[in-house]
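Take a look at the structure set out below.
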Amino acid sequence: MNVDEELPRLTRVVTRDDIRAYADVSGDRNALHLDDDVARQEGFDGVIAHGMFTMAHMATCVVAWAGTDTFVERISGHFRATVGVGDTIVAGGRVRAIEGDRATVDAWVQVQRDGQTEWPVRKGEVVLKIGGVRRSAGGP
């Protein structure tokens with residue numbers, strides 16, 4: 001892990017089943033995520049993925065790169081575009097800083113539409129603790 005290191009990009013095609021499964025596990029069953037007619041009434045082409053589903057893809061990218069000897073302390077991002085069924089989302093990032101046992105990664109998720117790059121998550125930041133598994137208070 002080095003400052004300015006680029007993370008390998010992680011690509012995923014979003015399916016209706018992905019969105020439905022995320023709605024089920026998160027408890028966010030807003031009709032925008034489940035009902036095409038409702039989503040169209042709100043100006044979308046059809047159902048849209050949850051913003052946190054897209055951020056989870058960003059987190060998966062960072063964790064897959066960082067490995068099992070790190071854990072995520074903090075994650076944030078700015079939501080800038082929607083993601084729909086059939087969109088191909090690509091997550092990536094770059095190591096901004098390493099200070100002691102912490103690394104900060106600038107991360108993002110992009111999607112290509114009509115020849116343009118859109119940013120469902122822009123200016124994402126993931127802070128990792130490097131080395132060892134985090135243990136809860138009172139744990140082994």
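Table for the structure above
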item	result
Options VAL90, VAL85, VAL47, VAL109: the member that is touching a Pro at 6+ places or on another chain (Cβ under 6 Å) and within 20 Å of ASP18 (Cβ to Cβ)	VAL109
Residue tally, condition acidic (Asp, Glu) and outside any loop (DSSP other than H, G, I, E, B), over region 22-36	2
Entirely in region 74-140, the strands (runs of 3 or more DSSP E) that have 1 or more residues that are modelled with pLDDT under 95, surrounded by 11 or more Cβ atoms within 10 Å (Cβ to Cβ) and in contact with a helix residue (DSSP H, G or I) (Cβ under 9 Å, 6 or more places away or on another chain)	116-130
Residues located in region 37-62, provided they are in a helix (DSSP H, G or I), surrounded by 16 or more Cβ atoms within 10 Å (Cβ to Cβ) and of a type outside the set (Phe, Trp, Tyr)	ALA39, GLY51, THR54, MET55, ALA56, HIS57, MET58, ALA59, CYS61, VAL62
Exclusive hit being aliphatic (A, V, I, L, M) and more than 18 Å from LYS123 (Cα to Cα), set ALA81, ALA31, ALA59, ALA107	ALA31
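The values are calculated or read from the model by the stated rules, or taken from the named source; none is laboratory data. Everything numeric here is computed off the predicted structure, so don't read it as measured data. We place every Cβ from the backbone using ideal geometry, glycine too, and count neighbours over all the protein chains shown.
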